[in-house]
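For reference, the structure is listed below as structure tokens.
Throughout, read-outs are computed from the coordinates displayed, never taken from laboratory work. Keep in mind the model is a prediction, meaning the values are calculated, not measured. We place every Cβ from the backbone using ideal geometry, glycine too, and count neighbours over all the protein chains shown.
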Amino acid sequence: MTKQQAVGVDIGGTGIKAALVDLEHGALIGDRVRIDTPRGAKPADVLTAVREVLHRLDITDQRVSLGVAFPAIVRHGRTMSAANVSDDWIGFEAEKFFEDGLGRDIAFTNDADAAGIAEARYGAARDRNGLVILTTLGTGIGSAFLYDGVLVPNTELGHLQHNGHSIERWAAYSAKEREDLSWDAWAQRLQSFYSHIEFLFSPDLIVVGGGVSKHAKEFLPLLALDTPILAAVHRNAAGIIGAASLSHR
Ligand code: BGC
């Protein structure tokens, strides 16, 4: 039974979410657990919060593999950036830190890459050839590139420049909330972001994830692009599902 199940933890700039995942169907089993990301998101506090979500999930069988997704560039287990978390993560041996702190092996990956894997294996990008670009619109903007279903890790489209800053500060869902933008006003910003991506990469499909993808009807129809653009099937659970899926080899 454990073969078909794994736990996914998705650490975001705002919340830490976890669930048990059915790997055959790419679906959550039981309830998702969520707690706020600790203020400042320093390593020790994030580890405590991850312990707490795992405790609440109450899965003690160590044969159930565990995947952890994190909102930073992840190279060979090290976090190499920190846009919405503490700078302490830059150049930090994060995978080892979580493994030591949790007392078990984990698979550790970027959060948007995890979401991209979930959508490629079980969602909107399933059986899609060519270049699929998934973007997550949340606290920041994450991206995942999949070519013929194979992930090209650690793309960071949220850090394309806009007026001298990362474009995520202007176009992420958090900007809509912070500035109380209408769907229309926010969609104009997304238009500029996605047009630029379309021009740079000529993708075959764009998938939009993050919690706001549940409101896709409010803003996707407002975009004028040549590339098909779809909401992520797994919405905000994609990071959890992808992290779980990547933990299972
Ligand atoms: C980070 C990415 C992450 C994205 C979404 C960005 O600020 O640089 O690594 O995927 O936020 O969480």
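In this simple spin-label approximation, residue 180 and residue 249 carry label points 7 Å from Cα along the Cα→Cβ vector, and these lie 5.1 nm apart. For residue 125, the residues 5 or more places off, or on other chains, whose built amide H falls under 5 Å of its own are 120.
Could I have the simple spin-label model distance between residue 4 and residue 96, label points 7 Å from Cα toward Cβ, reported in nm to one decimal? In this crude label model, residue 4 to residue 96 measures out at 3.8 nm.
Working note: Karplus 6.51/-1.76/1.60 with θ = phi - 60° gives segment 191-202 the couplings 4, 5, 5, 6, 4, 5, 4, 4, 5, 6, 10, 6 Hz, where Gly and Pro are set to x. In this entry, segment 127-232 is assigned a mean projected area of 6.3 nm², taken as a quarter of its C-alpha convex hull surface. Taking GluC sites (Glu not before Pro) as candidate sites, keep only those in a DSSP loop with at most 14 other Cβ atoms within 10 Å, then name the longest stretch of the chain containing none of them. Longest run free of exposed loop sites: 94-178.
For residue 72, enumerate residues with amide H under 5 Å from its amide H, sequence gap 5+ or separate chain, H modeled in the peptide plane. For residue 72, the qualifying residues are 111.
Neighbour counting of Cβ atoms within 10 Å sorts the residues 176, 217, 42, fewest neighbours leading, into 217, 42, 176. Segment residue 24..residue 127, full-extension length gain: 35.5 nm, with 0.36 nm per residue of separation and the alpha-carbon distance subtracted. Length gained on full extension, residue 14 to residue 195: 62.4 nm, using 0.36 nm per residue less the C-alpha separation. Close amide H contacts of residue 231 (hydrogens built in the peptide plane, cut-off under 5 Å, sequence separation of 5 or more or a different chain): 208.
Length gained on full extension, residue 52 to residue 226, computed as 0.36 nm times the residue gap minus the Cα-Cα distance: 58.2 nm. Shown here are the Rg and Dmax of the Cα trace of the chain, at 17.0, 52 Å.
In order along segment 102-116, the Karplus-derived 3J(HN,Hα) couplings, from 6.51 cos²θ - 1.76 cosθ + 1.60 at θ = phi - 60°, round to 9, x, 6, 6, 9, 9, 10, 8, 5, 5, 6, 4, 4, 5, x Hz, and Gly and Pro are given as x.
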